[in-house]
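Here the structure is laid out as structure tokens; the discussion comes afterwards.
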Amino acid sequence: SVLGVVMELVEVMMLALAGACAYLLYVIAADVMFHIICGVTFMVAAAFAIVKGQITQHMPKKLAWFAATGVIFLLFIYWTLSVVFRMPTPKDTIGCGGVHYVTHDEL
């Protein structure tokens, strides 16, 4: 029927637009998307470790899975502080070397 064909065309157009939006996000904010993907990966790994710890029957294995969750958390904190929220590098000069910043050591 005509309505079925129109609905399929609408679905194809929506998928194409969703792909175009994903591509534009990648072009405009590739670094942000990389950080989001890394964060989601840490989240999935931590959720997997927590669930495995909850469904495991033996206590030593439970403790090992919960310890793995803690390690994943520490790795996530290290990654966020060293990659996402890193300290800015101080500048020595501006532009073509015309202006020189004076630090406390040089006073």
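The values are calculated or read from the model by the stated rules, or taken from the named source; none is laboratory data. All figures in this text were calculated on a predicted structure; none of them were measured in a lab. Here the Cβ positions follow ideal geometry from the backbone for every residue, glycine too, while neighbour counts run over all protein chains shown. Just so you know, the surface numbers come from the protein's heavy atoms only, side chains and all, with ligands and any DNA or RNA stripped out. Shrake-Rupley method; radii C 1.70, N 1.55, O 1.52, S 1.80 Å.
Can you give the Rg/Rh ratio of the chain, where Rg is from the C-alpha atoms and Rh is the Kirkwood radius? Before the final figure, lay out each step's value.
Working: Rg = 24.6 Å, Rh = 19.3 Å.
Reported Rg/Rh, Kirkwood definition of Rh: 1.28.
Sum -39500 (n - 2.57) across every DSSP H segment of at least 4 residues in the chain, then divide by the residue count to get the 222 nm mean residue ellipticity, nearest 500. Intermediate values should be presented prior to the final figure.
Values: 3 runs with 74 residues, N = 107.
It comes out at -24500 deg cm²/dmol, rounded to the nearest 500.
In the full protein context, the chain carries 86 Å² of accessible surface per residue, based on a 1.4 Å probe and ignoring ligands, DNA and RNA.
Cα centroid separation, the stretch 13-59 to the stretch 72-91: 19 Å. Where is the GNM fluctuation largest for the chain (alpha-carbon springs, 10 angstrom cutoff): VAL83, VAL71, VAL12? Between VAL83, VAL71, VAL12, it is VAL12 that shows the largest mean-square fluctuation.
Here the simple spin-label model places points 7 Å from the Cα toward Cβ, and for VAL40 and CYS21 these points are separated by 1.3 nm.
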